[in-house]
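K.L.:
Please find one structure pasted underneath; my questions will follow.
The values are calculated or read from the model by the stated rules, or taken from the named source; none is laboratory data. On a predicted model such as this, the values are computed, not experimentally measured, just so you know. With ideal geometry, Cβ positions are generated from the backbone for all residues, glycine too; neighbour counts draw on all protein chains shown. To get the accessible areas, we keep the full protein, side chains included, count just its heavy atoms, and leave off ligands, DNA and RNA. Shrake-Rupley method; radii C 1.70, N 1.55, O 1.52, S 1.80 Å.
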Amino acid sequence: MRNDHYMPGSSLKLLHTPYVTPQTKQVLTKRMEEPVVTEPKFFSAALFKTLQAVCSRLIPQDTDAIQVDLAGTLDLQLERQQGDGWRYDVLPNDQTAHTQGMQGIEEVAEHLYQQSFTALSTIQQDKILAAVQEGKVNSPIWQHLNATRYFEELLVTITAAYYCHPAAKDEIGDVSWADAAGWQHIGLNQLEPIEPPTQ
């Protein structure tokens, strides 16, 4: 939900000000310029479509705003073997877990609705994702892959991908990455010039 105190685009404008260190500007600008992944490098085309559908249900995005390519980000991380540095010991490595996770979601869709996950209504998709989250799925893959832990890992991964993108930060009015001044020249209950007045 947008912070109504900030005008749309206000935090993105900070990229072009001295409030942002050169290093932060470089990283965030690169994220803004990354192309949307249309041809996956890690997932098969079919599983990539499943992942895209899952991401759109877990983190719906405003179609009028800049879209954060969550599925593409995860695909590239897996292809580059760039994990987040941790995993539950009940899960296999990230590449195996995410491949099996998408396959498991497809298994449940076929079992319950005799269709691919991508062909289902949003209500049906949400029911499947809720069942995975609660560990209430019973198909061959989920016999060996902890559904609850996998759902948590997937959600944490794509949430991190979303909120580290400048477009998402703008959506919620987050300016915490405007770090050049270190937020040290203001006192208690004072605001930076870039911050909107409180009501």
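K.L.:
Along the range 153-163, what does the Karplus equation 6.51 cos²θ - 1.76 cosθ + 1.60 (θ = phi - 60°) give for ³J(HN,Hα), rounded to whole Hz, x for Gly and Pro?
P.N.:
4, 4, 5, 4, 5, 6, 5, 4, 4, 5, 7
K.L.:
Report, by chain and number, residues whose modeled amide H sits under 5 Å from the one on Gly135, excluding near sequence neighbours (fewer than 5 apart, same chain).
P.N.:
Thr148
K.L.:
Nearest 0.05, what FRET efficiency do Gln124 and Thr38 give at R0 = 22 Å with Cβ-Cβ as r?
P.N.:
Plugging the Cβ-Cβ distance into 1/(1 + (r/R0)^6) gives 0.30.
K.L.:
Another one. Multiply the residue gap between Lys136 and Asn93 by 0.36 nm, knock off their C-alpha separation, and tell me the result in nm, one decimal place.
P.N.:
13.2 nm
K.L.:
Also: Which order, highest average first, do 149-158, 100-109, 17-26 follow once you tally other Cβ atoms within 10 Å for each residue and take the mean per peptide?
P.N.:
My ranking of the peptides, most packed first, is 100-109, 149-158, 17-26.
K.L.:
Give the carbon-plus-sulfur fraction of the accessible surface of the range 1-100 in %, rounded to a whole number; probe 1.4 Å, heavy atoms of protein chains only.
P.N.:
Looking at the range 1-100 in its full context, I get 52 percent from C and S.
K.L.:
In sequence order, what are the phi-derived ³J(HN,Hα) couplings for the range 27-43 according to the Karplus relation 6.51 cos²θ - 1.76 cosθ + 1.60 with θ = phi - 60°, rounded to whole Hz, with x for glycine and proline?
P.N.:
5, 5, 5, 4, 4, 5, 8, 5, x, 5, 6, 10, 10, x, 9, 10, 6
K.L.:
Now for a different question. Measuring with a 1.4 Å probe in the full set of protein chains, what accessible area per residue, in whole Å², belongs to the range 86-173?
P.N.:
Per-residue accessible area for the range 86-173 comes out at 48 Å².
K.L.:
Could you tell me the number of lysine pairs in the range 1-138 with C-alpha atoms less than 28 Å from each other, where the two lysines are 8 or more residues apart or belong to different chains?
P.N.:
The result is 9.
K.L.:
Extension gain Val156-Thr63, at 0.36 nm per residue separation less the Cα-Cα distance, in nm?
P.N.:
Taking Val156 through Thr63 to full extension adds about 31.2 nm, to one decimal.
K.L.:
Taking θ = phi - 60°, what integer Hz values does the Karplus form 6.51 cos²θ - 1.76 cosθ + 1.60 yield along the range 57-73, in sequence order, with x for Gly and Pro?
P.N.:
Residue by residue, the range 57-73 yields 8, 6, 9, x, 10, 5, 5, 8, 9, 4, 8, 8, 7, 5, 5, x, 4 Hz.
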